[in-house]
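**Student:** Take this structure first; my questions come after.
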Amino acid sequence: MQQENDQNGSSIEENIPGFRFYPTEDELVSFYLHNKLEEKRLQDLHRVIPLINIYEFEPSQLPKMSGELCNGDAEQWFFFVPRQEREARGGRPNRTTASGYWKATGSPSYVYSLDNRVIGVKKSMVFYNGKAPTGRKTKWKMHEYRAIKEELSTSSTHVIPKLRHEVSLCRVYIISGSFRAFDRRPVGTGT
């Protein structure tokens, strides 16, 4: 498909106001994460949500590494994150960077599908500058999503959920001070 260009040479699609990549938690897990885990539509998925070990970078570097649909977003960015080697061997993931660390906050919660089935788990984290336990809390936050794979029990037809660890999907964002930050227009838009 050929894109039409305006007088300034930019594509018309880039200039349409009101469109923003804003998937629900259900869409993040049921479509994006499940397709990634099943290795479907990988080229399309990686254009939207790249595969990056985000723990190798400072949070402020991540917006520049985001997918095509998040490049202009001033508040949130999405990444597929591969399982770390130490996590694959049964250890805890290393969530430290050169300047700080991501710390889990609260208890993990479930992600539900539209038909009210548990399809994933969400863990919330905050980035701290410095070393634990004396680090300083920043405005950088993250939600890490993991998919649940349903497996049948051998003793009956009872379904036992199993968490998938191969890849997680992370929504990284900056706390803006607005209680409903994701519901409002992004900072820096002209309209």
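The values are calculated or read from the model by the stated rules, or taken from the named source; none is laboratory data. On a predicted model such as this, the values are computed, not experimentally measured, just so you know. Neighbour counts run over all protein chains shown; Cβ positions are idealised from the backbone, glycine included.
A quick yes/no check of all residues on (1) surrounded by 14 or more Cβ atoms within 10 Å (Cβ to Cβ); (2) within 15 Å of the chain's Cα centre (by Cα):
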position	(1), (2)
Leu37	yes, yes
His46	yes, yes
Asn53	no, yes
Gly91	no, no
Thr97	yes, no
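**Student:** Pairs under 8 Å by beta carbon, first residue touching a residue at least 60 places away in the same chain (Cβ under 8 Å) and β-branched (Val, Ile, Thr) in segment 35-51, partner outside any helix (DSSP H, G or I) and crowded, with 16+ Cβ neighbours inside 10 Å, six or more apart or different chains?
**Tutor:** What qualifies is Ile49/Gly67; Ile49/Phe78; Ile49/Phe79; Ile49/Phe80; Ile49/Leu169.
**Student:** Can you report the number of residues in segment 95-120 which are of a type in the set (Val, Ile, Thr), in contact with a helix residue (DSSP H, G or I) (Cβ under 9 Å, 6 or more places away or on another chain) and under 26 Å from Lys162 (Cα atoms)?
**Tutor:** Number of matching residues: 2.
One line per residue, one yes/no per condition, for (1) assigned to a loop (DSSP other than H, G, I, E, B); (2) in contact with a Lys or Arg (Cβ under 6 Å, 6 or more places away or on another chain):
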| position | (1), (2) |
| --- | --- |
| Arg20 | yes, no |
| Ser30 | no, no |
| His46 | no, no |
| Ser60 | no, no |
| Phe80 | no, yes |
| Asn94 | yes, no |
| Lys103 | no, no |
| Leu114 | yes, no |
| Lys123 | no, no |
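**Student:** Between a residue in segment 59-83 that is more than 14 Å from Arg171 (Cβ to Cβ) and any residue that is polar (S, T, N, Q), which pairs come within a Cβ distance under 7 Å, given they are 6 or more apart or on different chains?
**Tutor:** Pro82/Asn53
For every residue, the table says whether it meets (1) surrounded by fewer than 16 Cβ atoms within 10 Å (Cβ to Cβ); (2) at pLDDT 95 or above.
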{"residue": "Thr138", "(1), (2)": "no, yes"}
{"residue": "Arg146", "(1), (2)": "no, no"}
{"residue": "Glu166", "(1), (2)": "yes, no"}
{"residue": "Ile174", "(1), (2)": "no, no"}
{"residue": "Gly177", "(1), (2)": "yes, no"}
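**Student:** Name the residues in segment 1-41 that are at pLDDT 90 or above and of a type in the set (Lys, Arg), would you?
**Tutor:** Correct list: Lys36, Lys40.
**Student:** Out of Gln61, Gln76, I need the residue that is surrounded by 14 or more Cβ atoms within 10 Å (Cβ to Cβ), among the polar types (S, T, N, Q) and more than 23 Å from Ile148 (Cβ to Cβ). Which one?
**Tutor:** Gln76
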